[in-house]
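Undergrad: Got a structure here, written out as structure tokens. Questions coming.
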Amino acid sequence: MRLVGRLQCAVAGIVCRSPAREMACKVVRLPAGARGSRSGPDKDVKSWKEILNTSAGLLQQGGVIGVPTDTIYGIACLAQSSQSMSNIYNLKGRNGTKPLAICIGDVEDIYRYCHVNVPEQLLRDLLPGPVTLVMERSDGLNKELNPYTSLVGVRIPDHAFIRQLAQICSEPLALTSANISTQESTLTVEEFKDLWPMLSLVVDGGPIGDLQSPECRLGSTVVDLSIPGKFTVIRPGCALSPTLEILKNRHGLIPTS
């Protein structure tokens, strides 16, 4: 706890430019060279690690935080924590009937939480990337996550920060878009400012994509892979064409009617 407290103070000192703006103290900015980078920071590694460790500490205390991904901004909490799940459902204005995805750090982790019906190479061809793969959940996943379905969507975003965050937490993150349900998805932290008071932290990775392009707000392409040899597109999202190329042409899966 002392270490987390010191890290929180260190990060606060980096980003709190105006004491009069209380909400600004909840926003931390990633080093500019690391935004959207698959490999992580190319400078200011110390600040990156401070933000990463502070985020992990807050998640482990049951917090919900705002994070950048490779598609849109999201909010995340620990998927295995019942209290965290209650907090994120309340924040989104959901009752558990609309599923949340899980975010993990590595392809190998998928096998801990899902029953996989496709070759591992298919997973690696799609992930990390702007795709959510829906599969049968395993008993290793918290039953209070998506309690009304046996399926779960899995994300490994092509963004180093959230991948590393899942890795150091050593468990999946529940991940959903950083907006109130039915509202437009967000590409900057300012666009979900109304949520800041309900979040433990907001990690600013800069603008994601073209703010004027509706296509950039589509979110990930969501594909159901729960039936062996077949796939169903649940949401076209922002990466439909390359995803279909991999599923149909490279791996020979058949689309369901």
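The values are calculated or read from the model by the stated rules, or taken from the named source; none is laboratory data. Here the structure is a predicted model, which means the values were calculated and not measured. For neighbour counting, all protein chains shown are included, and Cβ atoms are generated from backbone atoms with ideal geometry for every residue, glycine included. All accessible areas refer to the heavy atoms of the entire protein, side chains included, with ligands and DNA or RNA removed. Shrake-Rupley method; radii C 1.70, N 1.55, O 1.52, S 1.80 Å.
Undergrad: Would you mind giving the three semi-axes, in whole Å and largest first, of the ellipsoid equivalent to the range 126-188 according to its Cα gyration tensor? Before the final figure, lay out the partial values.
TA: On the way: eigenvalues 80, 60, 30 Å².
With the √(5λ) rule applied to the range 126-188, the semi-axes are 20, 17, 12 Å.
Undergrad: Based on the Kirkwood radius over alpha-carbon pairs, what is the Stokes-Einstein translational diffusion coefficient of the chain at 25 °C with 0.890 mPa s viscosity, in µm²/s?
TA: Values: Rh = 18.5 Å.
Estimated diffusion coefficient is 132 µm²/s.
Undergrad: With unit charges on the beta carbons (Lys and Arg positive, Asp and Glu negative) and the dipole taken about the Cα centre of the range 138-256, which residue among Ser138, Gly153, Thr182 sits farthest to the positive side?
TA: The residue sitting farthest along the positive end of the dipole is Ser138.
Undergrad: Between the DSSP loop rule and a limit of at most 15 other Cβ atoms within 10 Å, which GluC sites (Glu not before Pro) in the range 167-248 are left?
TA: Here the GluC sites (Glu not before Pro) that fit, given the DSSP loop and packing criteria, are Glu184.
Undergrad: For the chain, which whole percent of the accessible surface, found with a 1.4 angstrom probe, sits on carbon and sulfur atoms?
TA: On the way: 5970 of 11750 Å².
Roughly 51 percent, rounded to a whole number.
Undergrad: Taking only the alpha-carbon positions of the range 153-244 and ignoring solvent, what does the Debye formula give for the base-10 log of I(q)/I(0) at q = 0.16, 0.20, 0.25 Å⁻¹?
TA: -0.84, -1.23, -1.48
Undergrad: While we're on this one: Please check: in the Gaussian network model of the chain (C-alpha springs, under 10 Å), which one of Asn142, Asn179, Asn90 has the largest mean-square fluctuation.
TA: Of Asn142, Asn179, Asn90, the most mobile in the Gaussian network model is Asn90.
Undergrad: Let me ask you something else. In the range 133-233, which trypsin sites (Lys or Arg not before Pro) are in a loop and have at most 11 other Cβ atoms within 10 Å, using DSSP for the loop call?
TA: Details: sites: Arg137, Lys143, Arg155, Arg163, Lys193, Arg217, Lys230; in loops: Lys143.
Passing both the DSSP loop test and the Cβ count: Lys143.
Undergrad: OK, next. Find how much the distance from Asn117 to Glu215 grows on full extension, using 0.36 nm per residue of separation minus their present alpha carbon separation; answer in nm with one decimal.
TA: 32.2 nm
Undergrad: Right, next: Leaving out ligands and nucleic acids, note down the accessible area per residue over the range 48-118 with a 1.4 angstrom probe, in whole Å². Walk me through the intermediate numbers first.
TA: Working: 2330 Å² over 71 residues.
Result: 33 Å² per residue.
Undergrad: Next question. Pop the C-beta distance of Gln61 and Thr97 into the FRET formula with R0 = 41 Å and round what comes out to the nearest 0.05.
TA: Numbers: r = 27 Å, r/R0 = 0.66.
Once rounded, the FRET efficiency stands at 0.90.
Undergrad: Oh, and also: Report the label-to-label distance for Arg235 and Glu184 in nanometres (one decimal), using points 7 Å from each Cα along the Cα→Cβ vector.
TA: 1.7
Undergrad: Let me ask something else. Kirkwood Rh over Cα pairs of the range 93-133 into Stokes-Einstein at 20 °C, 1.002 mPa s: D in µm²/s?
TA: Details: Rh = 11.8 Å.
Answer from the Stokes-Einstein relation: 182 µm²/s.
Undergrad: Can you run the Rg to Rh ratio on the range 78-213? Use alpha carbon positions and the Kirkwood inverse-distance Rh.
TA: Value, to two decimals: 0.95.
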